[in-house]
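Chemist: Attaching a single structure in structure tokens format; questions to follow.
The values are calculated or read from the model by the stated rules, or taken from the named source; none is laboratory data. Small disclaimer: the values here were computed from a predicted structure and weren't measured. Cβ: placed from backbone, ideal geometry, glycine included. Neighbour counts: every protein chain shown. For accessibility, only protein heavy atoms count, side chains too; no ligands or nucleic acids. Shrake-Rupley method; radii C 1.70, N 1.55, O 1.52, S 1.80 Å.
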Amino acid sequence: MTIKIIACEVMKEELLRVASGCDIDFEFISMGLHLHPEKLGEELQHLLDGLSGYSRVILAFGLCGGAARNLKAAGFVLTIPKVHDCIPLLLGSTASYETFRSEEKGTLYLSGGWMNGDRAILSEYDRIYQKYGERKATAVFSRMYSSYRRVLFIRTGSERESFFLQRSHQIADLLGLSHQITDGDISFIEKIVKGPWDTKDFITVPSGESINEWAFYEGKLEM
């Protein structure tokens, strides 16, 4: 079986670690596209349309604001986790995510991958700060994150985790939020790479068919 995984760069380190020794092709997409779900969907379909020679293509994404809606498989089986974003993937399951969500809905989830891109929170703050000054940058971020109450940093075993943890504390201080830490669980990521791609946790569509958005809700807890 020839497999390709197209993934968000947020999970790049975890996916490559799990896939060590596996014969799998990877392609990673900038986390910045999550700010524009329509563009993310267009980019994913463009990549899918250009593929050949694979029996299965796995999208290491969630529904992601509708970006995965109607993505079409062409010449291969297409598989995607039955989640709305990558947080359940980092926590190991939707049930685990729901536990944290029930504790505090206003949670800003962070991991090393979330803070490693050019669209990361502190990078965005610095960009606005340099252009408009501290007062404007602080006001913008206060509005953007006004509904949040805490930062929850997810440990995933990153080589630079102590650095990223320090940065997550800085983000909490910047936004005036409490800060908590939890251990991640890469079992879901292991299933993305190695299977089984069961119907409980994955949506799989045959060649010529498209991802149905409602499939993300089947058999799941209310989001």
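Chemist: Can you tell me which of (1) within 26 Å of residue 3 (Cα to Cα); (2) part of a loop (DSSP other than H, G, I, E, B); (3) among the acidic types (Asp, Glu) is the one residue 159 doesn't meet?
Modeler: That leaves (1) as the condition not met.
Chemist: Please indicate, with yes or no, whether at least one residue in the range 180-202 is open to solvent by 20 Å² or more (accessible area, probe 1.4 Å), within 20 Å of residue 70 (Cα to Cα), part of a helix (DSSP H, G or I) and modelled with pLDDT under 95.
Modeler: Taking every residue of the range 180-202 in turn, none turns out to be open to solvent by 20 Å² or more (accessible area, probe 1.4 Å), within 20 Å of residue 70 (Cα to Cα), part of a helix (DSSP H, G or I) and modelled with pLDDT under 95.
Chemist: Ok, one more. Scan the range 86-95 and tell me whether some residue there is of a type in the set (S, T, N, Q) and either over 16 Å from the mean Cα position of the chain (by Cα) or over 27 Å from residue 179 (Cα atoms) (or both).
Modeler: Here is the first cut: in the range 86-95, the residues of a type in the set (S, T, N, Q) are 93-94.
Filter once more, so that each one left must be either over 16 Å from the mean Cα position of the chain (by Cα) or over 27 Å from residue 179 (Cα atoms) (or both): none.
Checking the range 86-95: not a single residue is of a type in the set (S, T, N, Q) and either over 16 Å from the mean Cα position of the chain (by Cα) or over 27 Å from residue 179 (Cα atoms) (or both).
Chemist: If you scan the range 101-151, which residues turn out to be of a type in the set (Ser, Thr, Tyr), within 21 Å of residue 34 (Cβ to Cβ) and touching a Lys or Arg at 6+ places or on another chain (Cβ under 9 Å)? Please lay out each step first, then the result.
Modeler: The first filter runs over the range 101-151 and keeps only residues of a type in the set (Ser, Thr, Tyr), leaving 102, 107, 109, 111, 123, 125, 129, 132, 138, 142, 145-148.
Applying the additional criterion that residues be within 21 Å of residue 34 (Cβ to Cβ) yields 107, 109, 111, 123, 125, 145-148.
Matches in the range 101-151: 107, 111, 147.
Chemist: Can I ask one more? Could you tell me whether residue 146 is touching a residue at least 12 places away in the same chain (Cβ under 8 Å) and small (Gly, Ala, Ser)? Quick ask: steps written out before the conclusion?
Modeler: Details: touching a residue at least 12 places away in the same chain (Cβ under 8 Å): no; small (Gly, Ala, Ser): yes.
Criteria not met by residue 146.
Chemist: Looking at the range 50-104, which of the residues that are in contact with a His (Cβ under 8 Å, 6 or more places away or on another chain) and not in a loop (DSSP other than H, G, I, E, B) is most open to solvent (accessible area, probe 1.4 Å)?
Modeler: 65
Chemist: Here is a follow-up. Show the residue pairs that are 6+ apart or on different chains and have beta-carbon atoms under 6 Å apart, the first residue being within the range 183-198 and free of Cβ contacts under 8 Å to residues at least 12 places away in the same chain, the second being hydrophobic (A, V, I, L, M, F, W, C) and open to solvent by less than 50 Å² (accessible area, probe 1.4 Å).
Modeler: If the second residue must be hydrophobic (A, V, I, L, M, F, W, C) and open to solvent by less than 50 Å² (accessible area, probe 1.4 Å), no pairs are left.
Chemist: Looking only at the range 136-153, decide whether some residue is within 15 Å of the chain's Cα centre (by Cα), crowded, with 17+ Cβ neighbours inside 10 Å and part of a helix (DSSP H, G or I).
Modeler: No: zero hits.
Chemist: Here's another thing I want to ask about it. Write out, first by first residue and then by second, each pair whose Cβ atoms fall under 7 Å of each other, whose residues are 6+ apart or on separate chains, and whose first residue, in the range 39-61, is farther than 25 Å from residue 196 by Cα while the second is in a helix (DSSP H, G or I) and open to solvent by 40 Å² or more (accessible area, probe 1.4 Å).
Modeler: 39/33; 40/33; 40/34; 43/33
Chemist: Do you know which residues across the range 22-38 are free of Cβ contacts under 8 Å to residues at least 12 places away in the same chain and among the small types (Gly, Ala, Ser)?
Modeler: Selection gives nothing.
Chemist: Return only the number of the condition from (1) open to solvent by 90 Å² or more (accessible area, probe 1.4 Å); (2) in contact (Cβ under 8 Å) with a residue 12 or more places away in the chain; (3) not in a loop (DSSP other than H, G, I, E, B) that residue 125 does not satisfy.
Modeler: (1)
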